[in-house]
C-alpha cells in the first residue's frame, strides 16, 4: 500500500540522516581520520579561508512583476535550501551593483537578520544578492567542504549566540568572519571528506525524491477516485509504489 511504502521510505531517510549526522560529527572534527591522511589539522577563522560579500540595497520602487532578475532576500535563504516563491524582481540592474552581487549557481549564502546563520546554495539563474544576505566565497578551502562546515549545527548555534538585537537578531560581517574551526591541512583530505559527505547527501536526496513521487501518486489517484474521474480501483495497479 501507499501508506506502507511511505512509512518504509521515511524510516530509510531517517536512518540515512542519522548516519550522515554521525559522519559529520566524526569527519568535520578530525575525531575520525580517513586512511592515508596524518597531517595535523590547522585552526582557522572563516575570514582566513574565505571572502565575504554583503548584499545590495535595492529600492522597492523599482520592483516589477515577473522581472528578469530575482532579488534574494533573507526569506529565500532557508536551512540548507533556497526557497523561491513569488520573489521580488526587477528588469534592470542598478548602475552601481557589483559583479559579486550578481549571483551564480553554486554560490553560498547566509542569512544575517531574523533566523540568522541559515545557509543555502544558489540553484536559480538571474539572482541578485539583497541586503542582510551574505555571500561566502571559498578562498583557501575546498568549496564543498566550506559549505559542509557552514551547514554544521555548531556554526548555526554560534551564529545565533553571536547575533545582536532585540526583537530581531542581526549578524555582523565580523561575527561570521571570526568563526573558528579546525581544517584539514591538505586539499586532498578536504576533498576526500567532502566526497563522502556529499555522497551521503545525494542518497538522502534520491530517497526524498522517491518519497515525493509516491505521495503525489497517492494524492492524484485518491483525488480522481473521489471525483469519479477514475471509477475502478483496478486502475491503481498501473502505478508502481
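The values are calculated or read from the model by the stated rules, or taken from the named source; none is laboratory data. The structure displayed is predicted, hence computed values, not measured ones. Neighbour counts are summed over all protein chains in view; Cβ atoms, including those assigned to glycine, are modelled from backbone coordinates with ideal geometry.
Could you list, in sequence order, the residues of the range 146-159 that are out of contact with any strand residue (DSSP E or B) (no Cβ under 7 Å at 6 or more places or on another chain) and over 12 Å from residue 110 (Cα atoms)?
Looking only at the range 146-159, we keep the residues that are out of contact with any strand residue (DSSP E or B) (no Cβ under 7 Å at 6 or more places or on another chain), and these are 148, 152-159.
Answer for the range 146-159, where residues must be out of contact with any strand residue (DSSP E or B) (no Cβ under 7 Å at 6 or more places or on another chain) and over 12 Å from residue 110 (Cα atoms): 148, 152, 153, 154, 157, 158.
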Some residue of the range 71-86 being assigned by TED's automatic domain parsing to the domain that holds residue 149, more than 17 Å from the chain's Cα centre (by Cα) and at pLDDT below 95: yes
Which listed residue, of 139, 135, is at pLDDT 95 or above and over 30 Å from residue 67 (Cα atoms): 139
Which listed residue, of 70, 44, is over 30 Å from residue 189 (Cβ atoms) and part of a strand (DSSP E or B): 70
Unmet criterion (only one of (1) touching a strand residue (DSSP E or B) at 6+ places or on another chain (Cβ under 9 Å); (2) at negative phi) for residue 132: (2)
Checklist (1) in contact (Cβ under 8 Å) with a residue 12 or more places away in the chain; (2) farther than 26 Å from residue 114 by Cβ applied to residue 24, failing item: (2)
Answer residue from the range 136-149, given it is buried (at least 18 other Cβ atoms within 10 Å of the Cβ) and touching a residue at least 60 places away in the same chain (Cβ under 8 Å) and is farthest from residue 119 (Cα to Cα) among those: 141
Filter pass, residue 106 being without any contact (Cβ under 8 Å) to a residue 60 or more places away in the chain, farther than 20 Å from residue 159 by Cα and in a loop (DSSP other than H, G, I, E, B): yes
